[in-house]
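Shown next, in structure tokens, is the structure this report addresses.
The values are calculated or read from the model by the stated rules, or taken from the named source; none is laboratory data. As the structure is a prediction and not an experimental result, all values here were calculated from the model. As a convention, Cβ positions derive from the backbone with ideal geometry for all residues, glycine included, and neighbour counts pool all protein chains shown.
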């Protein structure tokens, strides 16, 4: 009988870094392999990936990476791990295309990946083991859950999903495929937990159009819409509405264009040529026909919004907001980027356009709520049940749903796992073994993998992220600038990349000096304080860093 061992290298009691390892008779399958975005305690860190020591030590046994969908928290880490632990990568056309985009983004596109593109619902064999994919409805097209067949029963991983009755083939909740898999006994069911504490079904709260359609129709000027690049479902909604309404779709910048091109390459989007326009041509379009899509990842999208609001968007110089414009914020902030989001949105309100924020409590992400989870549990009726993907409170809420269903799931067959804790199943019996499998995160700093240690982070906390010195000499008697202003940047960015920062900092410094020196009694301390605040805000958005800023103003007779 098959010997089964299952453990997580990430995704339990944390956001992101989702990675589950399944060993069947020593053949290893890796389900998802994602990144985690750093928090404020990790200065200088780009991403955190799962500790792959176990995979490296057993790399000859790794038979496949099974990717469920194209979010970077599900597949991004593979770009860093694959070269040392290669194996065929299975995923839908959209999933593979989104992985390629991420690999290019992090400079890992030249690795000879072994991609195996498969339909979202399909069965195939790897190393003598049958694997079935079943399509799920998530906000990335052609998403799937995964089933590994064993002679003890099936191991079913739902990944992210909602129960959806729509017929869109790109976002299909394939109940028929699930029911067919459920005809065989389900040994263990793993379901996501992100929305487990939320009652009811998630549908249709994840649909954007009902929230924004009235705003779109009532706007008489240009419409700006900010969305996360990975939210294909909502991007698709806006584009379809724009085409039907004979509007021009204008990708805001290169990153926004890349996301749209990626959707087109994956065959998930068709935009008639007459309905899309370059940002360089925006001033040639009638304002009432213009839909500007601002797409981005994580905190970067709020940095874009803030820079646009303050007219500091150096990469898109020909676009500025006016009182005729309407700005729709459809990228709800997470706990990790809420500070930047609040600051950017506040500046957006100051810039003058009509603003509509999609309500955070009502506009849902496409994750399973309580009734969605009950539906899936009822279909598969598992012998063992394991909540995965979520914070501990979410995992616990998921477990309690299963316990209350009265279908034979109790405290002896519902398991809350920790990272690195192995679930061993032999002859239908489960044992939990703490094998000390390394499961801490590995920090990515630039191209370095695992170079950043806790002690280095502690040192970085105490050190400045760079230095910006702004100096000017003014005359007390004439209220004129007699020397400067001069701006010097050190240790913030490469010297050759510092011109745009120097230019904007000088502009801010000069403007403040000019406004204050016309007064009868200029307040030098006010200039220093305002200069520090405004330049810091600009640099934070432009670079993501918070350098030490020294405004130096010398007064002479």
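When only residues in the stretch 285-298 that are surrounded by fewer than 21 Cβ atoms within 10 Å (Cβ to Cβ) and out of contact with any strand residue (DSSP E or B) (no Cβ under 6 Å at 6 or more places or on another chain) count, which is nearest to residue 215 (Cα to Cα)?
Of everything passing the filter in the stretch 285-298, 288 is nearest to residue 215 (Cα to Cα).
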Members of the stretch 235-253 that are in contact with a helix residue (DSSP H, G or I) (Cβ under 8 Å, 6 or more places away or on another chain) and exposed (fewer than 15 other Cβ atoms within 10 Å of the Cβ): 245, 246
Condition check for residue 72: assigned by TED's automatic domain parsing to the domain that holds residue 441, more than 19 Å from residue 267 (Cβ to Cβ) and within 14 Å of the chain's Cα centre (by Cα): yes
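When the residues of the stretch 228-265 are narrowed to those that are assigned to a loop (DSSP other than H, G, I, E, B) and in contact with a strand residue (DSSP E or B) (Cβ under 7 Å, 6 or more places away or on another chain), which ends up nearest to residue 331 (Cα to Cα)?
Filtering the stretch 228-265 for residues assigned to a loop (DSSP other than H, G, I, E, B) gives 229-231, 245-247, 252-253.
Next, from what is left, pick out any that are in contact with a strand residue (DSSP E or B) (Cβ under 7 Å, 6 or more places away or on another chain): 229, 247, 252.
Working: 229: 10, 247: 22, 252: 15 Å.
Ranking the candidates gives 229 first.
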Residue in the stretch 40-61 that is farther than 27 Å from residue 445 by Cβ, at pLDDT 95 or above and not assigned by TED's automatic domain parsing to the domain that holds residue 254 present: yes
Residue check, residue 305 touching a helix residue (DSSP H, G or I) at 6+ places or on another chain (Cβ under 7 Å), outside any helix (DSSP H, G or I) and either surrounded by 15 or more Cβ atoms within 10 Å (Cβ to Cβ) or not assigned by TED's automatic domain parsing to the domain that holds residue 217 (or both): no
Members of the stretch 104-115 found to be under 26 Å from residue 171 (Cβ atoms) and modelled with pLDDT under 90, listed by number: 104, 105
Any pair with Cβ under 6 angstrom, 6 or more apart, that starts in the stretch 505-518 at a residue that is closer than 9 Å to residue 479 by Cα and ends at one that is surrounded by fewer than 16 Cβ atoms within 10 Å (Cβ to Cβ): 517/479
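Name the residue, out of 6, 28, 101, 49, that is part of a strand (DSSP E or B) and under 16 Å from the mean Cα position of the chain (by Cα).
None of the others qualify; the one that does is 49.
Confirm whether residue 314 is in contact (Cβ under 8 Å) with a residue 24 or more places away in the chain, surrounded by fewer than 19 Cβ atoms within 10 Å (Cβ to Cβ) and under 30 Å from residue 152 (Cα atoms).
no
To keep it simple, each residue is scored yes or no on (1) loosely packed, with under 13 Cβ neighbours inside 10 Å; (2) part of a helix (DSSP H, G or I); (3) in the same structural domain as residue 311 (by TED's automatic domain parsing); (4) out of contact with any helix residue (DSSP H, G or I) (no Cβ under 6 Å at 6 or more places or on another chain).
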site	(1), (2), (3), (4)
509	no, yes, no, no
512	no, yes, no, no
516	no, yes, no, no
520	yes, no, no, yes
527	no, yes, no, no
531	no, yes, no, no
541	no, yes, no, no
550	no, no, no, yes
Index of the failed condition, residue 154 passing every other in (1) part of a helix (DSSP H, G or I); (2) buried (at least 19 other Cβ atoms within 10 Å of the Cβ): (1)
Any hit, the stretch 396-405, residues being assigned to a loop (DSSP other than H, G, I, E, B), surrounded by fewer than 17 Cβ atoms within 10 Å (Cβ to Cβ) and touching a helix residue (DSSP H, G or I) at 6+ places or on another chain (Cβ under 8 Å): yes
Where a residue in the stretch 250-271 is in the same structural domain as residue 317 (by TED's automatic domain parsing) and its partner, wherever it lies, is surrounded by fewer than 16 Cβ atoms within 10 Å (Cβ to Cβ) and part of a helix (DSSP H, G or I), with Cβ under 7 Å and at least six apart: 253/315
Residue satisfying condition, being buried (at least 19 other Cβ atoms within 10 Å of the Cβ) and part of a strand (DSSP E or B), within set 80, 90: 90
